[in-house]
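First comes the structure, then the notes that go with it.
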Amino acid sequence: MTGRSMIAAMLVAGATALYASAPRVAHAEVAPAVLHSRADVLALDDTLLGRSGKLRARFLPATQAREFERIQGALRAESPISGTQMRIASLRILPIVPFSFKVAGRMGLYRMGFWPGEKRTTRGVSYDNPLGFLEVTPGNQDVQVSEHFRLGDFVTKDQSTIWPKYVVLREALVDKLELVIDELHLMGYPVQHLQVMSGFRHPFYNAQGVGRGGRARESRHQYGDASDVFVDNDFDGNMDDLDGDGRVTLLDSDLIILAVERVEMAHPELSGGMGRYHATHAHGPFVHVDVRGTPARWGGA
């Protein structure tokens, strides 16, 4: 097998296919790749680091995780290797715990509830049950999944004393958020911190906010491909005054919307939903961003 065909096999396991709209496609099972030569190892390229080049972790089923780690070991043993190859060799591999391990709406003590696909036929493959979960512990919650984001940034905000927790998270979402940060930089708005106000929401938590003007019953947050975000460089918990007019308004969140639009134009495989949300007494303005695979807009976005 050539280096390029080996890459293709691994990408089906969770790199190129991570941009597909359906979670099932994103983590499809394939036969493990096989290394035949030094050239195979050194042929690994920056595709594995995402479109942004800033992914620092990959989420794979156990079989692919073991094979990827073996490939990384072989890569680390080679000399010399490029900076990109070193970054690939240092990628953190997080195994996906199968969805079938969830029993009676729980993963261990962690209550998650039931996905729509467990109760009825869903509207399409992108609403099928997730393949599985990433386990989050006090020891790994600070693992960088990309340059700007930690695993713990995407955890549902409930059950604070229960560990381990579990999260559904798609690499495509993390990659898109990194590209949005890059685009804001290009637009002249340096971003050191894009706050994830709400990342993954398991169905039990999501259901508590369903209702008129609230959360969608089939919210994309339940599928690990959506986040509500705002720029918060000063870590004060609110959207920053990006446009410099001395106020925090929807005009500031509109700059994020423009950046997302530009990212989707450059990377249509990362298309998805985007919503514009006003400030309330509890929070400032923010923007919903997802990678469902088809364009959707609301709230004036």
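The values are calculated or read from the model by the stated rules, or taken from the named source; none is laboratory data. As the structure is a prediction and not an experimental result, all values here were calculated from the model. Every residue, glycine among them, receives a Cβ derived from its backbone with ideal geometry; neighbour counts consider all protein chains shown.
What about E135, is it among the charged types (D, E, K, R) and not in a helix (DSSP H, G or I)? Yes; evaluated as a whole, the condition is true for this residue. Tell me whether the range 120-132 contains one or more residues that are out of contact with any Gly (no Cβ under 8 Å at 6 or more places or on another chain), charged (D, E, K, R), more than 16 Å from R201 (Cβ to Cβ) and modelled with pLDDT under 95. Checking the range 120-132: at least one residue is out of contact with any Gly (no Cβ under 8 Å at 6 or more places or on another chain), charged (D, E, K, R), more than 16 Å from R201 (Cβ to Cβ) and modelled with pLDDT under 95. Going by the conditions given, is E178 closer than 26 Å to N233 by Cβ, in contact (Cβ under 8 Å) with a residue 12 or more places away in the chain, outside any loop (DSSP other than H, G, I, E, B) and in contact with a strand residue (DSSP E or B) (Cβ under 6 Å, 6 or more places away or on another chain)? Yes; evaluated as a whole, the condition is true for this residue. Among residues that are more than 10 Å from the chain's Cα centre (by Cα) and part of a helix (DSSP H, G or I), V196 is not included. Checking each residue in the range 106-129 for being in a loop (DSSP other than H, G, I, E, B), touching a strand residue (DSSP E or B) at 6+ places or on another chain (Cβ under 9 Å) and surrounded by 19 or more Cβ atoms within 10 Å (Cβ to Cβ) picks out only M112.
Cβ separations smaller than 7 Å between residues 6+ apart or across chains give the following pairs from the range 228-243 residues that are in contact (Cβ under 8 Å) with a residue 60 or more places away in the chain and within 17 Å of H278 (Cα to Cα) to residues that are outside any loop (DSSP other than H, G, I, E, B) and among the small types (G, A, S): D228/S198.
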